[in-house]
1. Using only Cα atoms, locate the centre of segment 33-53 and the centre of segment 62-87, then give the distance between them in Å, rounded to an integer.
2. Out of Leu49, Leu88, Thr39, whose Cα points farthest toward the positive end of the dipole of the chain (charges: +1 Lys, Arg; -1 Asp, Glu; placed on Cβ)?
3. Give, rounded to the nearest 20 debye, the magnitude of the charge dipole that the chain has about its Cα centre when Lys and Arg contribute +1 at Cβ and Asp and Glu contribute -1 at Cβ.
4. Once you order the gyration tensor axes a ≥ b ≥ c over the Cα atoms, which shape class does segment 46-90 get: rounded for a/c under 1.5, otherwise prolate or oblate by comparing a/b with b/c?
5. From the list (1) 42, 35, 18; (2) 44, 20, 18; (3) 47, 46, 26, can you say which value of Cα extents along the principal axes in Å was derived from the structure given?
6. If packing is taken as the average count of other Cβ atoms within 10 Å, what order do 70-80, 88-98 fall into, highest mean first?
7. Under 18 Å from a point 7 Å along the Cα-to-Cβ line of Asn27: which residues of segment 63-88 have their amide N that close?
8. Given the -39500 (n - 2.57) contribution per DSSP H run of 4+ residues, what per-residue ellipticity at 222 nm results for the chain, rounded to the nearest 500 deg cm²/dmol?
Amino acid sequence: MGFLDFPNPADWFTSVKDDDQKRALINAAQSAMYSSWITFMWRSGSSRLAQWFGEGAAMQEAAISAYLTLSNLETKNFLTLTVPQDMLNADLLAKFQTERKVK
């Protein structure tokens, strides 16, 4: 093909024969994607430029809310989230509340 051949995730899934391996690969890929997005939002929000524009706090709060929402999937062994340690400050996490509506 071209000069740079990027890996094709669809080929990964079709090459795996076992359903448990497919599930583990999907979980790992999604865990990496969500963890990197949360980390990106947290670190970008803490930059001086984002703080100067006034969007830094919003970006950091978005990262925390995404982490708290997705952490429910961690308890079900679906995701493994890896996030910055300074984001897990108890004072920061205490500012958020999750409400569930039960039918």
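FYI, it's all coordinate maths here, none of it is from the lab. All values reported here derive from a predicted model rather than from experimental measurement. Because the Cβ atoms are built from the backbone with ideal geometry, glycine has one as well, and the counts that use them run over all protein chains shown.
1. 15
2. Of the listed residues, the answer is Leu88.
3. Its charge dipole is roughly 320 debye.
4. prolate
5. (3)
6. 70-80, 88-98
7. Output list for this probe position: 70-83.
8. Value at 222 nm, helices only: -19500 deg cm²/dmol.
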